1. Name the pairs: first residue in the range 220-233 and touching a residue at least 24 places away in the same chain (Cβ under 8 Å), second residue in a loop (DSSP other than H, G, I, E, B) and surrounded by 19 or more Cβ atoms within 10 Å (Cβ to Cβ), Cβ to Cβ under 6 Å, at least 6 apart or on different chains?
2. Tally up the residues in the range 394-415 that are buried (at least 17 other Cβ atoms within 10 Å of the Cβ) and either outside any helix (DSSP H, G or I) or β-branched (Val, Ile, Thr) (or both), please.
3. Need pairs with beta-carbon distance below 8 Å; first residue part of a strand (DSSP E or B) and within the range 416-430, second among the aromatic types (Phe, Trp, Tyr); sequence gap 6+ or separate chains.
4. Take the residues in the range 416-432 that are farther than 18 Å from Glu491 by Cα and crowded, with 19+ Cβ neighbours inside 10 Å, then tell me which one is nearest to the chain's Cα centre (by Cα).
5. For the range 76-107, which residues satisfy the criterion of being in contact (Cβ under 8 Å) with a residue 40 or more places away in the chain and surrounded by 15 or more Cβ atoms within 10 Å (Cβ to Cβ)?
6. Evaluate the range 131-146: report whether one residue or more is assigned to a strand (DSSP E or B) and either at pLDDT 85 or above or farther than 21 Å from Ile248 by Cα (or both).
7. Looking at Asp164 and the list (1) modelled with pLDDT of 85 or more; (2) among the charged types (D, E, K, R); (3) exposed (fewer than 11 other Cβ atoms within 10 Å of the Cβ); (4) more than 24 Å from Glu95 (Cα to Cα), which single condition is not satisfied?
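The values are calculated or read from the model by the stated rules, or taken from the named source; none is laboratory data. Keep in mind that what you see is a predicted model, and the values were worked out from it rather than measured. FYI the Cβ positions are ideal-geometry reconstructions off the backbone, even for glycines, and counts take in every protein chain you see.
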Amino acid sequence: MKGKDNGDPQLMIEKLRESEELFHSICENSMIGLYRTTSNGQILFANPTLVKMLRYSSYEELATRNLEKDGFEPAYNRNLFLEQIEKDGEVIGLESEWIRKDGTVVYIRESARAIRDHNGNTLYYDGTVEDITDHKQMETALTESEDRYRDLVENSSDLICTHDLDGNLLSLNNAALKITGYPKEEALKMNMRNIIVPEYRRIFDSYLAKIKAIGHANGLMIIQTKTGEKRIWEYNSSTRKDGIANPIVRGMVKDVTELKIKEATLKRLNAELIKSSAEKDKLFSIIAHDLRSPFHAFLNLTKMIADESKSFSAEELSKIGNNMNHSANNLFTLLQNLFEWANMQKGSMNILPEELLLSDLISANVELLYHRSSQKKIQIINEVTNPVNVYADKNMINSVLLNLLSNAVKFTNRNGTVVINAKNKGNEMFEISVKDSGVGINKSIIDKLFKVGGKTGTKGTEGELSTGLGLLLCKEFVEKNGGKIWAESEEGVGSTFYFTLPERNGDFTATKELTS
């Protein structure tokens, strides 16, 4: 039975032996290197872990070396270590590099304390050495990985940015800074809302709400650069934890402005291709059918004269001559429209706007149609008695007036009326109207009058030919001169065609930029 030693020498020796055995066991089996050196570096003790760590074959071999003098580590580091231990009595957790026997490096974390006599003189140092090579290698690899990641982020062609859940910017890579035009210092003081165009800020608020709710979001947003340029961004964002509890949003962004412009261009070109195909079909229809019919009529009349001229009376020849003249006029109108339409489509018709006295141009066209209208006893009433000035291309507007007045005469019965008028509608625009008391137009057809591809051409009240091409020309010419054209009609009552033209140069120029 063990108890107090009661001064028993034998018991004290036994306890001392047990204590030594315990110390020896701890030293032998410790996973940390242990040493004792004199103040000048002579090794008095080293446990097997330290011997193995430094790759010596035995303690006896290691003990022949001097910890302070034999190059275990760079001298300047060791000198700092010694200075600190002499000053403070201990060093805790100093990280350094030691050189093993084979010349390789081991990264260690060392702690030591000075053991002094009663006079304060250092007798020796007791120290612990922990091998942190694996930790250091992982730390180095992590640092290198972070450096590579940072380099990839900074030099990525994609835009990468982070912000908090309120939209405050935390970082932007070089691509993002370059395309937004903001210096880094200025950008990091901004909120994402500052660079998003106002009409898209509501969408950005929805984006933030989605991020908060489910942790990720993607879509499109339009931003505005420092210079005011608008760019389209396609984003894919998700949250991550920064540290313990602060979620931040990392956004991978592609600037798709050029792509979207190309998509819009392709869409426009596709629409133009469809339109061009319809125009081609329209032209083929006119050439194959509408022009062939009047030519046949004209040829038949000339054949009658050639074969039977001696049997015709003067009155019959006069009637045939009038019919031939009528056919020739129809052919001329169709060919003139076809020529102008072809020039318009291939872009060879130049727009040459100028100050025009529209009232004179109207009078000239009324007079030009006098013979045709008088044949049907149709009265053309020109109510434009005062000078009207517009800014437009003379040839184009002349063609518009001629087509609208010709159509009005064509689709008006004998003894009917055609009235042309012009009014100042404000905003420096004039509205010109051509109103007839003719057959009118079915409402289902009105929407097709100014569109390519819809077959709207019908014969006039006395068989005059019509292809609908003239109205397409009118629309092209009016719009290219900065105006609009439309029609109102009621079957059996008549039709009114309206178009507008700018009074001054400024209106036309602005419209031309938008329509060119």
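1. Lys226/Tyr182
2. So the count comes out to 5.
3. Here the result reads Ala422/Phe430; Lys423/Phe430; Asn424/Phe430, each pair linking the range 416-430 to a residue that is among the aromatic types (Phe, Trp, Tyr).
4. Phe430
5. Once the filter is applied, which keeps residues that are in contact (Cβ under 8 Å) with a residue 40 or more places away in the chain and surrounded by 15 or more Cβ atoms within 10 Å (Cβ to Cβ), the range 76-107 yields Ile85, Trp98, Val106.
6. Yes, some residue in the range 131-146 is assigned to a strand (DSSP E or B) and either at pLDDT 85 or above or farther than 21 Å from Ile248 by Cα (or both).
7. With (1) modelled with pLDDT of 85 or more; (2) among the charged types (D, E, K, R); (3) exposed (fewer than 11 other Cβ atoms within 10 Å of the Cβ); (4) more than 24 Å from Glu95 (Cα to Cα) applied to Asp164, the lone miss is (3).
Let's see how each residue does on (1) surrounded by fewer than 19 Cβ atoms within 10 Å (Cβ to Cβ); (2) under 17 Å from Asn236 (Cβ atoms); (3) modelled with pLDDT of 90 or more; (4) among the hydroxyl-bearing types (Ser, Thr, Tyr):
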{"residue": "Glu186", "(1), (2), (3), (4)": "yes, no, yes, no"}
{"residue": "Ile195", "(1), (2), (3), (4)": "no, no, no, no"}
{"residue": "Tyr207", "(1), (2), (3), (4)": "no, yes, no, yes"}
{"residue": "Ala213", "(1), (2), (3), (4)": "yes, yes, no, no"}
{"residue": "Asn218", "(1), (2), (3), (4)": "yes, yes, no, no"}
